[in-house]
Amino acid sequence: MLQGVIGTALGLVKESIKTINQETFSNTIKLVNGISALVLIMLPGNKTVLEGIQGWELRPTYRAPRMPPWMEEGVSSFNELIHEHVTHSEFEFDSDDEYGEEYESAPSSPSSQVSQLSSISQQEIRLSRGSSLGCFFQGITNPFICMFFWGPSSDQTSASKEIDGKQRSESSFSLEDDSSGNPTSMFTIDSRQLATMKEFVMHRTTDSRRRGIIEDLLFLGELSIEKAFDVIYEVLYHIVSPLEALQLLVKKFRFKEPAPSLEIKTSMLGKLDPSPTWLKPRSDQPLNTDARTCEDIITDLGYPYEAIRVTTEDGYILLLERIPRPDAQKVLYLQHGMFDSSLGWVANGVVGSQAFAAYDQGCDVFLGNFRGLASKEHVDKGISNERYWHYTADEHGTRDIPAMIDKIHEMKMSELASLEVIPDKKSLKTEPYEVCAVAHSLGGAALLMYVVTRRLAGRPHHLSRLTLFSPAGFHEDAPAFCHFLSNFLPTMGPILRPLVPGVYIPTRFLRMLVNKLARDFQNYPGLGGLAQRIFSYCVGGDSSNWVGAFGISHYNMYDMPGVSYLFSEHVAQWIRSGNFLMFDFGSEFNNMEVYGTPFPFDVGKHYDAIDIPVDVVAGTKDRLIPPSMVRRHYKTLKDAGVEASYEEFEYAHLDFTFAHREESLLYVMSRLMLVTSKKDK
């Protein structure tokens, strides 16, 4: 009787405290979001909008923070959360999936009707995490541990729907009879899936169920309250029941309970696991972050994938990724820019990425990755930070690109010969394939450097055409903030270089916070809009969706693109000199040892060595590398006698890869057609 009274009283107090905690937290976040929106309105600028990841504008107006479903409609009891997990069916739809709230399909590329069917058929269902409830009880002892090991965020909803009074899965594939009595197959796709197609086209960087730091703090607060009241209840229970407490104490010291068996009877799995054999389970993402890789996105959309490890001359291990067509004689090589990776070329999904569009047109697609990851992949496993991050932009153009292009050449020659597409490769005097290289920003500068140095060295570069989006190299018209850094970095170099050899986030914990912070920016439009405006100021007012790009999954707790301090000094040299130079080592003696001249090698002055067509593309809204600097590349190429073309799009700097823009896709496809027509002639 007394125990029941205590339990009821503690339950009421606990629910009151949790309600107060929730409301306080919610109102605090609303205040922060509102103040951020107010500051954003007062900041100078023509626009006060943030282009969100789903294509709509995030205006600095009030929007209530997202709450888990067990807190919606005034329900604050944590038991609702547990009940929600327990009453789920044995299967859940993958919350790590990029393309939907529940079961949602991605549209196919316009050039591939097969892609749509493969995308739908590739939808994945995984086993409901049976350990979630056990994880909760572990979390009673340590709330942070529970938050770490919990699977998807608590705002999950059931993937089934009431149809004709019964629960039927939204992903069901059924056979129905047509008017002639013949069975016809059909997919059950509701309006939510159709709406998601539009969202997928627009671009989604993170799944909507992923938690940010703010939601995690609220979740941790709920767990802490639960833990505290569990302890209080146990203490009071033993106080009012001293005999039972004494019996438990004696039993604990006299008898040792056997450890619970972890053996799983496989005979039971057959009854509990009626999932189809084509379903592929997905691994959980720790701390509810987004750690999808380029491989995850490609394979989830039904495309083939191949990973090739390439070792450079100086021992760096690079990841060359591929959407393979071994028999194709058209090859597209895609190279990313600074603080980016190959994932940027596929993050827009089937209908918004150059990689998938080229594959659907019959190309063998390769995606290059520069050195400079937090994982520090190198043949020397124990390489120090100082050694790993000791490189400039020269190494990208003279070590990284050559290693990947030579690997592509080796693979294509071998595959085409083995498939009898070509005769014996030893008897060929020219390559039986054509490579069109497409690059963005830093990738463009590296490719120009690669072709020039290869030609001057008398070695083949194996490329047929270059298409460069906002190529780096000339930076006279860089934003004011970049000019400030160009003078600050060399001055502070002797001090900062030993302390900060690489510009990256060094620990998993901090990278996890960055990943979650990106989610918060997308959840709260005022805060996200303020961050967008600050990023835009730093790059001269460029209107790219910097907050959305910040949420791409290659910024995850396991790895993150970075650059070396020496590379930053190299870019500073480009800005100060106004020329496209290789790295200046600071003295005539050092430059003589490396280049054979007292001054660094000027790449722009040797554009006459380029023997293939070059297309340069500028963005009229690009403030980081403005059109004037891209036109300088074009003019220098034309003056050197290179077959060059110039094009402008109404793009900001990141729009060439991050935003879904049909113009850039069509432009790349037209360049590929030019390569083919030239070969046919």
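What follows is calculated from the coordinates using simple rules that are stated; it is not laboratory data. Everything quoted here is computed from the prediction, not taken from an experiment. Counting neighbours? That spans all protein chains shown, and the Cβs are built from the backbone with ideal geometry, glycine included.
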Practice problem: Provide the FRET efficiency to the nearest 0.05 for the residue 609-residue 585 pair, computing r from the beta carbons and using R0 = 25 Å. | Solution: 0.65
Quiz item: Pairs 376/635; 381/412; 330/381: which are spaced more than 32 Å apart, C-alpha to C-alpha?
Solution: 376/635; 330/381
Quiz item: Computed over the Cα atoms of the stretch 460-505, what is the convex hull's projected area averaged over all directions, in nm²?
Solution: 6.3 nm²
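Rounded, prolate or oblate: pick one for the stretch 300-446, where a ≥ b ≥ c are the square roots of the eigenvalues of its C-alpha gyration tensor, a/c under 1.5 means rounded, and failing that, prolate if a/b is larger than b/c, else oblate.
Oblate, because a/c is 1.5 or more while a/b does not exceed b/c.
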Quiz item: Taking the Cβ-Cβ separation of residue 640 and residue 620 as r and a Förster radius of 30 Å, what is the calculated FRET efficiency to the nearest 0.05?
Solution: 0.75
Quiz item: Once all Cα-Cα distances of the stretch 580-661 are split into 10 Å bins that start at 0, what whole-number percent is in each one?
Solution: 18, 32, 30, 17, 3
Quiz prompt | For the stretch 646-677 versus the stretch 585-627, the gap between their alpha-carbon centres in whole angstrom | solution = 24 Å
Quiz prompt | Estimated FRET transfer efficiency (residue 499, residue 32; beta-carbon r; R0 30 Å; 0.05) | solution = 0.35
Quiz item: Hey, got the Cα dimensions of the stretch 306-391 along the principal axes, in Å, largest first?
Solution: 44, 26, 16
Self-check item: Mean Cβ count within 10 Å, highest first, over the residues of peptides 550-557, 241-248, 350-357
Solution: 350-357, 550-557, 241-248
Quiz item: How many nm separate the modelled label positions at residue 317 and residue 593, each set 7 Å beyond the Cα in the direction of the Cβ?
Solution: 3.0 nm
Quiz item: On full extension of the chain, what length is gained from residue 251 through residue 380, given 0.36 nm per residue of separation minus the C-alpha to C-alpha distance?
Solution: 40.9 nm
Practice problem: Return 325, 211 ranked ascending by Cβ neighbour count within 10 Å, so the fewest neighbours appear first. | Solution: 325, 211
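Name the shape class, rounded, prolate or oblate, that the alpha-carbon gyration tensor gives for the stretch 567-609, where a ≥ b ≥ c are the square roots of its eigenvalues, rounded holds for a/c under 1.5, and otherwise prolate holds if a/b is larger than b/c and oblate otherwise.
Numbers: a/c = 2.25, a/b = 1.07, b/c = 2.10.
In terms of gyration-tensor shape, oblate.
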Quiz prompt | residue 420 paired with residue 535, simple spin-label distance in nm, labels 7 Å along Cα-to-beta-carbon | solution = 5.3 nm
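If each residue of separation counts as 0.36 nm, what is the full-extension length gain between residue 507 and residue 13 once their alpha-carbon separation is subtracted?
On the way: separation 494, 0.36 × 494 = 177.84 nm, distance 3.99 nm.
173.8 nm is the gain from fully extending residue 507 to residue 13.
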Quiz item: How do the peptides 482-491, 367-376, 654-663 rank, highest first, by the average count of neighbouring beta carbon atoms within 10 Å per residue?
Solution: 367-376, 654-663, 482-491
Quiz item: So what's the stretch 350-423 giving for Cα Rg divided by 2.2 N^0.38 Å, two decimals?
Solution: 1.49
Self-check item: Rounded, prolate or oblate (a/c below 1.5 giving rounded, otherwise prolate when a/b exceeds b/c) for the stretch 620-680 by Cα gyration tensor
Solution: oblate
Quiz item: Sorted by average packing, counted as other Cβ atoms within 10 angstrom per residue and highest first, what order do 297-309, 20-32 take?
Solution: 297-309, 20-32
Quiz prompt | Around residue 479: net Lys/Arg minus Asp/Glu count, Cβ-Cβ under 9 Å | solution = -1
Quiz item: Given 0.36 nm per residue, what is the gain on full extension from residue 299 to residue 647 after removing their alpha carbon distance, in nm?
Solution: 121.9 nm
